[in-house]
Amino acid sequence: MTTTNRIPFLDLVAPHTELKEELFAVFESALKTGAFIGGPMVEGFERDFAGFCESRHCIGVGSGTDALRFALIAAGIAPGEIVITVPNTFIATAEAITQTGARPAFVDIDERTYNMDPERLREYLEVQCRIDDRGRPVERKTGIRVAAIVPVHLYGQMCDMDPILELAGLYNLTVIEDACQAHGAEYFSAKENRWRMAGSMGRAAAFSFYPGKNLGACGEAGAVTTDDAGLAQRVRMLRDHGQARKYYHHVEGYNGRLDAIQAGILRVKLGHLDDWNASRREVAERYRDLFAEQETAGLAPYEPDWAKSVYHLYVARVPDRERAIQHLTEAHIGTGIHYPVPLHLQKAYEYLGYKAGDFPVSEMVSPEILSLPMFPQLTGEQQERVVEAMVSFMAPEKTGALVGQMAHVAAAQ
Ligand SMILES: *Cc1c(COP(=O)(O)O)cnc(C)c1O
C-alpha cells in the first residue's frame, strides 16, 4: 500500500485547491486597496453570515474564543458569577468563562448525544442551588450567583434547546450558544413547531472559523451572532479596544478584530457551506448504512429526530480505543479524539475542586470516543475501507466480509 492510499482524518488541501482562483482574487483585492482591517470585506461577510444563521447581527472577531469571551462580557456576565457548561468540550469554552472573570460550573452530558443533558441542568439548578431574593439561583456550595448557561453544540449537533431555554427562562439565566462546531446545524423546536438554526436561539452565539471547522478561514477567525442590537454594539466595541469611535474608548476592550482577508476568504467559502454540509450528511448516512450491513450499527452516532447534525466530527465509541487507533493507523486511516480528558479532570481546573466520579457519563465516554475520517470530499471507497478496518477490529471473525465490495479498491492499490 502506498502513501497515496492514506485516508486522512481531515483534508484541508482539496477544498482550497478547488477555490484557488476565487481565494487569490480576495488577496489581490486586499493588496490593491490596502484595506486589511475592517472595511467592506468584513461588513459583507458579517451580513452574509447573519443571514445564513437567521440572526439579525453578526460581528466578526479574531477567533471562536474571542467570540465566546466577548459575547459573555457583552451579555453582562460579571466577575464572580457562575456560568454553567459541560465537561465534554474543548477547553476554550471554559477559558472564555474564566477570562470573563466568571467561574465555570459543569453539568453532565447525555450518553447518546454527548451534549448537555437538560435533566442534569435541571438537577443542578434545583438541588445544588437556592434562589435569592431577586429570583436568581445561587450555588449552595460556594454562595456564588449563577448567571448564564453555555450549551455547546458539539460535533456538529445542537443541544436539546427547548428544555434548556425553558430552564433559563425559569431561573433568569442568559444563554450563550457555543456554536463553534455547528455552522448550519438545525434544531426542531417543538415549542415553536419549526426548525431553528444554530446561533439563532440563545441571547448570542459564538462561532469559530479555525481552519478545520465546517466553515474555516485560512488562519484564525470567529464571529458572534445575536438579535440584540445593544449586545452587538458592545461586541463591536470590545473587539476594537472599547472604541465607540477612533480613540474614544468607552470601556477597555481587546484586540479581537476579524482580518479583512480572512473575511473575504470566509465569504467565498460560505457560498459552498450548504453543499459541504449536505455532503457531510451524505457521508454520515453512508457510514450508517455500511455499519448496519456489517451488524455494527451501534458504531454510528445517534441523531435524534429533532436534530439535523452537520457532522463536524463523526464520533464512534469503541472499547480498547488505543488498540483501535493502532489498528486503523496500520490500515493508513487517520483518527482523532474529541476529547480525551473531560475539563473537570484537567490540571488547569484542579482549583475548581471537582474529582473523578463527579460526571460519570463524561468520564465513561471520554476513554471510548473515537473520531473517524469526516470531510465533504471523503469517497464511498474510502469509507468502505474505514468500515472494514473498524469491523475487523470490533469483530475479527468478520474480517473479509466487505471483500466483495473492496475488490475494486484493492485493484486500485
Ligand atoms: C474551536 C472551538 C472553540 C474555539 O475556537 P477558536 O477559534 O479555536 O478560538 C470553542 N469551542 C469549541 C466547542 C470549539 O470546537
Cβ-based net charge around Glu220, under 10 Å, with every Lys or Arg adding one and every Asp or Glu removing one: -2
Given charges at Cβ of Lys, Arg, Asp, Glu: the chain dipole, positive-most of Gly135, His327, Thr296: Gly135
Sequence ranges 288-295, 38-45, 134-141, 196-203, ranked by mean other-Cβ count within 10 angstrom, highest first: 196-203, 38-45, 288-295, 134-141
Using a Gaussian network model on the chain with a 10 Å cutoff between Cα atoms, which of Asp275, Asp133, Asp228 fluctuates the most? Asp133
From Cα coordinates alone, what are the radius of gyration and Dmax values for the chain in angstrom? 22.1, 73
Regarding the range 272-326, what's the average projected area of the Cα-atom convex hull, expressed in nm²? 4.8
Can you give me the orientation-averaged projected area of the convex hull built on the Cα atoms of the range 274-412, in nm²? 10.4
All other residues with a Cβ under 12 Å from the Cβ of Ala190 taken together, and with Lys, Arg as +1 and Asp, Glu as -1, what is their net charge? -2
Kirkwood hydrodynamic radius over Cα pairs of the range 84-128, then Stokes diffusion coefficient at 10 °C and 1.306 mPa s, in µm²/s: 144
Using the Cα centre of the chain as the reference point, and only Cβ charges (+1 on K/R, -1 on D/E), how large is the resulting charge dipole? Debye, rounded to the nearest 20. 1220
Which lysines, on any chain, are close to Lys355 with Cα under 18 Å apart, when same-chain ones fewer than 8 places away are left out? Lys141, Lys347
Highest GNM mean-square fluctuation among Tyr311, Tyr155, Tyr254, for the chain with Cα springs under 10 Å, belongs to Tyr254
Euclidean distance between Cα centres, the range 224-246 to the range 137-180, Å: 23
What helix-only [θ] at 222 nm does the chain give? Using -39500 (n - 2.57) per DSSP H run of at least 4, over all residues, to the nearest 500, the answer is -11500 deg cm²/dmol
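Read-outs throughout are calculated quantities, based only on the coordinates presented, and are distinct from any laboratory measurement. Here the structure is a predicted model, which is why all the values come from computation and not from measurement. When we count neighbours, we look across all protein chains shown, and the Cβ atoms used for this are built from the backbone with ideal geometry, even at glycine.
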